[in-house]
Amino acid sequence: MGKHKHQKETRNGQQKQLLTVLVLTSILGLGAYVPRAQAEPITISGEDVKAEEGNEYGSGLNTEESINLSNGAIGNKDTGTASGNTLQVTGGTVTSENPGSNIFGGVIIHEDNTTTSTEDQVNGNTVTLGSTTLGSGATEYDGVSIFGGYLYDYTKEYLGSEEENENHLVSTEQFDVSGNTVTLEKVTVHDGTPVAVYGGAANVKGYSDYYGVYRDEAGNYTDWSYLSPLDVTATADASNNRVYIGTSAEAEASGTQPDSENQGTYTAVIGGYSGKGTTSNNQVVVRNSTLTLLAAGGYTAKLDANENQVTLSDITVSAKTADYYDDELDLVGGFSLHNGACYNTLTLTRVNEIESDRHVDVAGGLTGGTLSTQEEGDASYNTVYITDSRLATAAGGIAGDMEDGLLDYSRTSSFHIFDFQHSFLPASAIGNKVYIRETSSGATTISGGVYGGAAHKYASQNEVQFLSGYAAKVGGGYAYYDANDNTVTLGKEDYSTQPVLGNSLLGGFSEYGSAVGNKVTAYGATLGNEASQDTYVDLLGLNVYDLPVGVLAGGYNHRHVSESGLASAADSNEVQIYQSTIKNGITDIYGGLGTTSAKDNKVTLDNTAVTLGNSSMFGEAETGSGGWILGGVANEGPASGNQVSISGQKTELQNAAAIGGGLAWASGDDSNDAGCADQNQVSITGAKVSYTTQDSNEDGTTIFGGLGLVSASNNSLELNQAAADGAYMICGGLSEKGTVAANAVKLNQSTVSGLRYLWGGYSPYGRVSENKVTFTASTISGNASYIVGAYGVAPYKNTMSIEDTKIDNLAEVRGVYGTVYEGDDDAVYTTLTRENQLKITGNSEITFLPVSGTSLIGADATGLAQGNSLTVENSKVYNLSVLEGVKAEQNASENQLQLTNAEVSGLSCLIGVQAMGEDTVSGKAVGNTAAITGGSLSFTDGVLDSDGGYPSKPTLAAAYAGASAYKNSLALTNVKVNGAQEIYAGAGANQALENILKLQDATISGASVIAGGKSNGTTYYRTYDTFYQLKLLSNPGAYANQVAISGGNVTADAIYGGYLTTIATSDDLLKDSSCPMYDNQVTLGSGVTAGNVYGAYSPLRSYAQRNTVTVEGGTI
């Protein structure tokens, strides 16, 4: 070491001697190491191995200041070089008495603060043990440690005063412990004896003794009480070392099967160990043995542990026979406390914890990250192979943090290398791979979880291939920050394996960051095999209690709220499940669940039987609450472009509370896309969705394309040759007060039962336009159902088409239902519902509940209505109380009602347009048409709610207005009408003008009044002075209306061209006025039977001029 102002420490005159260790050459070619020439072999008996003496720290890695020179197991004891030695131990028993014994191929023990030499390398040594017994039992501080090569260097710093900081220690030595080999065959380990095996180990330390002053690598002093190994800039690499137990390098190279006899119990097996240096290209192979605490290819506190290999087969886990043993056995390809662990490989075959009360934790690469001064702690590009093994947890790479990491595994006190929590400088796990399979049923079990990569920073591009076996949980990537582009595959594409999963499967899981581009695929798997969380949940030190139990997701952001401005999106993730079974241990399936966004995610369920458990994701799980299947969910951003596809005749989906494309919870405005759920798709093809309801009216499955509090547009929902039993609600797009446009709901050759609500688009306080609902060759069994094409403000160009479809148990059907903006009551006068269409065609059968008040309305408008249409063609409608083309609270114009070969029964009224405004400005029905050709209409005496503005008698009319009915037409052609007591082209409370009623070859029975135009006799006034005197505004009247009847069989008590009835009115208010009743016409042909026929009729003082009756046939 460099010479500085310090004191040299000696211990009781103990001898210091340069010694060397044996090193293994790279028989399998795993490194670039070139071995030195070997010294003559040394062969000893186990009896020649002596325990350490006078070393206050003990043996193993605690061998620091001195060694017992009487020990025969020192390969370089007589060679003068720590490299190229060969030591063979054959027969006998190796002592393990306190403080334990060491076997060295080559060893160097430096004096404190001495200067390095170019010869201070421990390379190319070989240690072989055969037919030997290790140890004679366990006490608190004993054991056997075997080193291919070992080097110890120690620096202690003394400072005379704090002012002398400029004289701080500087050390730049570089040591090397490489190419050493340890081979153990036919070795017996005495019960309870701790045995540690190291291919090569380098122990470099430093310490500061001045008033607890801590000097970091930059030379700064702080109030820490120790100088960690980081503070000594010397390095000691331990690379290209090998350990073979139960086999040999030659046997591995030739593929010779190892001896099946158990080769003993080992506390720790490490290929290359360094306190401060690189551990790379080390190899550990253990066959037919028992392990206690640790097996690692490379293990270092500082610098990297890369390209190490660990191969274990036929391994049992030692029982927890004493309190000082850990609960876990840790198997690691490469471990670095402060730097990276990359490109390591861990291969496990028949590693079995089943008969032990301890657990096995597995990682290809593991990093700690604690107190690191640079972000070099990635655990990336590691690979883990697991076959026929029973483990607790497994991960390709873990980048976490640890507070310590350098304890001697030959000691009975143990160290949990996987027990870490709070990261100082977070690192990443990238590009790791885990492969899992079993060769016989039940041979592979992962009781805790499997992770491609787990990290405090990023976990990306990791891969898990779980071909067969069982795992409680599987995650491609688990990260505190971003978890992107990870993949998980269960089973094989040829379905030749049947893997089984417990209750959690995620492509990418992020605590605070994003989960983007992750993918989960399952072939022939069983998922959700357990409904509750496993008892063992230690994910290698990360907090697995935050894992979403019961969730199957491509990408998942856990916090649901953004933290410190971090992007926390869940975009472009995929879940694909083929020919599998999902049980109730899975409660939620998401393509992506994010905070700031959830876009372009996909969920595919194909020929898969699904029974979901009850979800607690958005509230406490309750009996019957069901599970969730959603393409994308975003708490604070958009959920758009997501897809859910459920297909296959073998797919039966049970107990789903919700199936949706995109769900955006955020509330906001149109200034950004937060809260938008647009362009989502849900497709159910050839599959069956079922839900057993607890309350027949208020629960079931909700199926929707997109739900966004700000907008939900361009979403689609399609059921094709599918069945949905217990479907409570179906909707294309839903929003609270945002735009809902161009959504589509399609049912094709499908069956739906238990339906309560169906909307193409729904936004009670937002605009709805161009939404489409299409039913084709389908069957819908309702639950007092409400079916609406679009529900919201100012509906525009929405369409509903029902073709060759049977629907029953309906309460209401609306093409659209128009509303106004929240709090804007005056908008009722200006909000327009226009150009919407409702068509029922193709031999459809529509059956309403057998109660009064059921309704079928083309457009129900809170405001104005224009250009809307309702068509019923070649179809049957039963138990319908009210059929209306348009129902508007204000004016209604240019709307159409067309019935062709329709059979409608149970009617209380059939009205083309109802304009409910109650003044001369807002209660107009203008230019509306109703044409009824063929078929039949059957009316009953059912009583309607008078508050709804309906007529008191069974009525058939083209227009029914709160003020005036103008230029409306009703044409009845070759239709049978039974029980309609009053038939009008247009009826207004105040006036009926230029309305036309045509009956051709129609059969009308039971009518009391047939009229071209009818006025109910209401007079409108206004106040005109400060004394609130009333001034006449509009007299009631009926003029220029027409009735033309030809052919058929029409029977009525009276027929009127223009007809005015009286209401309770003060004579004083009428004395200066009269009612216009002129230019009305009645033309009667053959087939008419009428009691009275009037060109115009008024019981009030009227202008009755130019009214005509033309009789060309019939009986009057």
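The values are calculated or read from the model by the stated rules, or taken from the named source; none is laboratory data. Keep in mind that what you see is a predicted model, and the values were worked out from it rather than measured. Here Cβ is always computed from backbone atoms with ideal geometry, including for glycine, and neighbour counts include all displayed protein chains.
Things to note:
- Hey, LYS473 of a type in the set (D, E, K, R), touching a strand residue (DSSP E or B) at 6+ places or on another chain (Cβ under 8 Å), assigned to a strand (DSSP E or B) and more than 11 Å from GLY396 (Cβ to Cβ) or not: yes
- Residues satisfying the stated conditions in the range 264-289, i.e. in a loop (DSSP other than H, G, I, E, B) and either within 23 Å of VAL187 (Cα to Cα) or touching a Cys at 6+ places or on another chain (Cβ under 8 Å) (or both): GLY264, ASN282
- Residues that are under 50 Å from the mean Cα position of the chain (by Cα) and crowded, with 24+ Cβ neighbours inside 10 Å number at least 1 in the following strands (runs of 3 or more DSSP E) confined to the range 868-937: 869-873, 876-878, 882-888, 896-900, 903-907, 909-915.
- For the criterion of being modelled with pLDDT under 90 and either in a strand (DSSP E or B) or touching a His at 6+ places or on another chain (Cβ under 9 Å) (or both), GLY160 fails.
- Exactly one residue out of GLY706, GLY637 is at negative phi, assigned to a loop (DSSP other than H, G, I, E, B) and either among the polar types (S, T, N, Q) or touching a residue at least 60 places away in the same chain (Cβ under 8 Å) (or both), and it is GLY637.
- Conditions (1) modelled with pLDDT of 95 or more; (2) under 24 Å from GLU736 (Cα atoms); number of the one not met by ASP826: (1)
- Elements of type strands (runs of 3 or more DSSP E) contained in the range 945-994, each with 2 or more residues being within 21 Å of ALA1007 (Cα to Cα): 955-961, 969-973, 976-978, 982-988
- Among all residues of the range 482-494, there is at least one that is in contact (Cβ under 8 Å) with a residue 60 or more places away in the chain and farther than 30 Å from SER597 by Cβ.
- Any chance GLY255 is surrounded by 24 or more Cβ atoms within 10 Å (Cβ to Cβ) and either under 30 Å from GLU64 (Cα atoms) or at pLDDT 85 or above (or both): no
- ASN462 being over 21 Å from the mean Cα position of the chain (by Cα) and modelled with pLDDT of 95 or more: no
- Selection from the range 676-692 of residues that are of a type in the set (D, E, K, R) and in a strand (DSSP E or B): LYS688
- Taking every residue in the range 788-812 that is more than 19 Å from ALA744 (Cα to Cα) and pairing it with any residue that is buried (at least 19 other Cβ atoms within 10 Å of the Cβ) and charged (D, E, K, R), at least 6 positions away or on another chain, the pairs with Cβ-Cβ distances below 9 Å are GLU812/ASP860.
- Filtered by the rule that a residue be free of Cβ contacts under 8 Å to residues at least 40 places away in the same chain, closer than 16 Å to SER1015 by Cα and assigned to a loop (DSSP other than H, G, I, E, B), the range 1100-1116 gives a lone residue, ARG1101.
- Selection from the range 558-572 of residues that are in contact with a Phe, Trp or Tyr (Cβ under 8 Å, 6 or more places away or on another chain) and modelled with pLDDT of 85 or more: SER568, ALA570
- On inspection, ALA443 fails the criterion of being on the phi < 0 side of the Ramachandran plot, at pLDDT 50 or above and within 27 Å of the chain's Cα centre (by Cα).
- Given (1) assigned by TED's automatic domain parsing to the domain that holds ARG756; (2) closer than 23 Å to THR1003 by Cβ, number of the condition SER881 does not satisfy: (1)
- Contacts under 7 angstrom Cβ, first residue in the range 167-185 being at pLDDT below 60, partner crowded, with 24+ Cβ neighbours inside 10 Å, 6 or more apart: LEU169/THR155; SER171/THR155; SER171/VAL232
- Meets criteria (part of a strand (DSSP E or B) and among the small types (Gly, Ala, Ser)) for ALA295: yes
- Taking (1) farther than 24 Å from ASP357 by Cα; (2) in contact (Cβ under 8 Å) with a residue 60 or more places away in the chain; (3) crowded, with 24+ Cβ neighbours inside 10 Å; (4) among the hydroxyl-bearing types (Ser, Thr, Tyr) in turn, TYR458 satisfies each apart from (2).
- Of the residues GLY782, GLY858, GLY863, GLY818, the single one that is of a type outside the set (Ser, Thr, Tyr), under 21 Å from SER713 (Cα atoms) and buried (at least 21 other Cβ atoms within 10 Å of the Cβ) is GLY818.
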